[in-house]
Amino acid sequence: MNKTINQKAWFFVIPVFVLVAFNAAIPLMTVVNYSFQETFGNNVFAWEGTRWFKQILQSERFHAALGRQIAFTFIILLIQIPLGIGIALTMPKKGWGVPVCLILMSMPLLIPWNVVGAMWNIFALPDIGFLGHSLNAMGFDYNFTQQPGDAWFTTILMDVWHWTSLVVLLAYAGLNSIQPAYYQAAEIDGASRWATFRYIELPKMKKVLTLAILLRFMDSFMIYTEPFVLTGGGPGNTTAFLSIDLVKMALGQFDLGPAAAMSLIYFFIVLLVCWVFYNLMMKNEAQS
Amino acid sequence: MKKYKWLVPTLYIIFLMLPIYWLINMSFKTTTEIINTYSLWPQKFTTENYVKIFTDSTWYMGYINSITYTVFNTVISVAAALPAAYAFSRYKFLGDKHLFFWLLTNRMAPPAVFALPFFQFYSSVNLFDTHIAVALSHCLFNIPLAVWILEGFMSAVPKELDETAYVDGYSFGRFFFKIFVPTIAAGIGITMFFCFMFSWVELLLAKTLTATAAKPIAATMTRTASTSGYELGLLAAAGTLTIIPGAIVIYFVKNYIAKGFAMGRV
């Protein structure tokens, strides 16, 4: 659409601008403020320069949390994106199955995050939970509160349960926007199922899939509530992802300076990755 | 091969329903039964967990608090986002692209980063422990989302609609509310759905910004888990009840969901 140049449009944006600035800029300035100072309580501060940033960037605790975070995000993207596409491809296209699938699949998305954690906690408990009990009955030695490997497995399974539907819904919407003529042409050409997917469906889903990856990256990188309720970051620190570690530092130990510095580094990483994706997405949009 | 296609979504849905079933199963058991026996369905069926929630004000007020701030937030987000999304979809203005990306960055900000400053900020303006504080703090991620979704829907409406209305002598306000808003009603529905959803499921900020008067149901649940032992039955019943508002909302917007996602903006 060709847009008119109109500087008065700013007036329309003012309410949003004020609300978000009020919410984002002021707290963010507080964080920046803390990140360069040492606090002695009672509002006494001393200038610390970049000390906290250096400390965080060199601390093993931060490296470990970042490593866990990257591993977690990478694994869930690797599972959720292909699985989501696969389910979307096999979903019914018309009839009574469509609303049934849509409603049931959206359910996990609308459950408060701590309820998701609590639900998976009682679902996975080795003695009284269905998952834990079944795995132990099958002969696996499963206990997610004590074994790091099991804790990871449960956290990842929970996230797959919680968020794959988002990928499914996005991919499904992308598939639905393909005109039947494309499929007819493919059939006339005698294209295989794989070729149809590779050259028709996948390119048409590119936009929604970029969005799905972007959203899943952002949200999994910020994950806090679900693993916090499920495992509390344990056993030990093995499932303490960045947000869990950060909240522990800021609200638990009240190390405001290092926590603020960590917040900024954290935010910067998310921002950087999202900026790259956003540009990719806008480029795609401009092409289509 | 084609004959067994239905198997994949069916298995997936079964996988989705299992933990939910387990939660509901637990909610109809007594806590003693949960701890002592493993069973696929309640041996001694009881509704006492639900009775407790509906008669104890700390429990049911939690629901009322959660719904209150979620509704506040949805109304504020959509009301503020409507004119902004219109501006982004129709006009070019100084810094529009930067502003749009800046808005989106707030959807990307980890809430954990904002928890402490929010607590201090809302305490200093005497809004701590009010519904409006939670509603305003959720604007952080819901307004950018609302602007993003609405802009997608508005851009799909041809500009000729605006021009014809002006030629017919409509003022901007009358055009906007009488013609434009009804045209994108589906989009507004979707936007409200997502604002409701993200405000309903968020806990970190809601918990940080409240103590007693506006405490969300989700926070009430975590408290009960730690103080009075581990009342699993009660916890399960409370959890089951938090699924219901979401299920109702999904039912109403089911026809729009696919369409909303098709816009590629969520």
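Rule-based calculations on the coordinates, nothing more; no lab input. As the structure is a prediction and not an experimental result, all values here were calculated from the model. Glycine gets a Cβ as well: all are built from the backbone with ideal geometry, and neighbour counts include every protein chain shown.
Take the Cβ atoms of B:Leu11 and B:Thr164, set R0 to 56 Å, and the FRET efficiency comes out at 0.65. Net length available on complete extension from A:Gln179 to A:Phe11 is 56.5 nm, with 0.36 nm assigned per residue and the Cα-Cα distance removed. Between the amide H of A:Gln37 and those of A:Glu48, distances stay under 5 Å, these residues lying 5 or more places away or on another chain, with hydrogens modeled in the peptide plane. Mean residue ellipticity at 222 nm, helices only, chain B: -24000 deg cm²/dmol; runs of at least 4 DSSP H residues each add -39,500 (n - 2.57), and the sum is divided by the number of residues. If you average the alpha carbon positions of region A:82-123 and of region A:130-165, how far apart do those two centres end up, in angstrom? When both Cα centres are located, 19 Å separates them.
Take the Cβ atoms of A:Asn33 and A:Gln147, set R0 to 56 Å, and the FRET efficiency comes out at 0.85. For the pair region B:2-28 / region B:138-188, the C-alpha centres are spaced 39 Å from each other.
Each of A:Phe53, B:Phe177 was scored by other Cβ atoms within 10 Å of its Cβ. Arranged with the fewest first, they read B:Phe177, A:Phe53. Here the 3J(HN,Hα) profile of region A:177-192, calculated from phi with Karplus coefficients 6.51, -1.76 and 1.60 at θ = phi - 60°, is 7, 7, 5, x, 4, 4, 5, 4, 4, 5, 5, 4, 6, x, 5, 6 Hz, Gly and Pro shown as x. Ranked for footprinting exposure by Cβ neighbours inside 10 Å, fewest first, A:Met138, A:Met29, A:Met281, A:Met158 give A:Met138, A:Met29, A:Met281, A:Met158.
Here A:Lys54 is the anchor, and the aspartates and glutamates within straight C-alpha reach of less than 18 Å, apart from those fewer than 8 places off in the same chain, are A:Glu38, A:Asp245, A:Asp255. Mind jotting down the distance between the C-alpha centroids of region B:37-95 and region A:241-288, whole Å? Region A:241-288 and region B:37-95 have Cα centres separated by 26 Å. Above 18 angstrom, tally the Cα pairs of region B:1-46 and express them as a % of all pairs, no decimals. Cα-Cα pairs in region B:1-46 separated by more than 18 Å: 45 percent. Placing unit charges on each Cβ (+1 for Lys and Arg, -1 for Asp and Glu) gives chain A a dipole about its Cα centre, and among A:Val16, A:Leu214, A:Thr4 the Cα reaching farthest toward its positive end belongs to A:Thr4.
Dipole check for the protein assembly as shown: with +1 at the C-beta of Lys and Arg, -1 at the C-beta of Asp and Glu, and the Cα centre as origin, the magnitude is about 1280 Debye. Per-residue Cβ neighbour counts within 10 Å put B:Glu163, B:Glu151 in the sequence B:Glu163, B:Glu151, beginning with the fewest.
If R0 is 45 Å, the Cβ-Cβ spacing of A:Asp127 and B:Val75 corresponds to a FRET efficiency of close to 0.50. You can think of it this way: the chain between A:Leu77 and A:Ile269 has 67.4 nm of extra reach, that is 0.36 nm per residue less the Cα-Cα gap.
Bridgeable lysines around A:Lys94 (alpha carbons under 24 Å apart, same-chain partners fewer than 8 residues away excluded): A:Lys204, A:Lys206, A:Lys207, B:Lys2, B:Lys3, B:Lys5, B:Lys254, B:Lys259. Within the straight-line cut-off of under 23 Å between alpha carbons, the lysines reachable from B:Lys215 are A:Lys248, B:Lys52, B:Lys207, sequence neighbours fewer than 8 places apart in one chain being disregarded.
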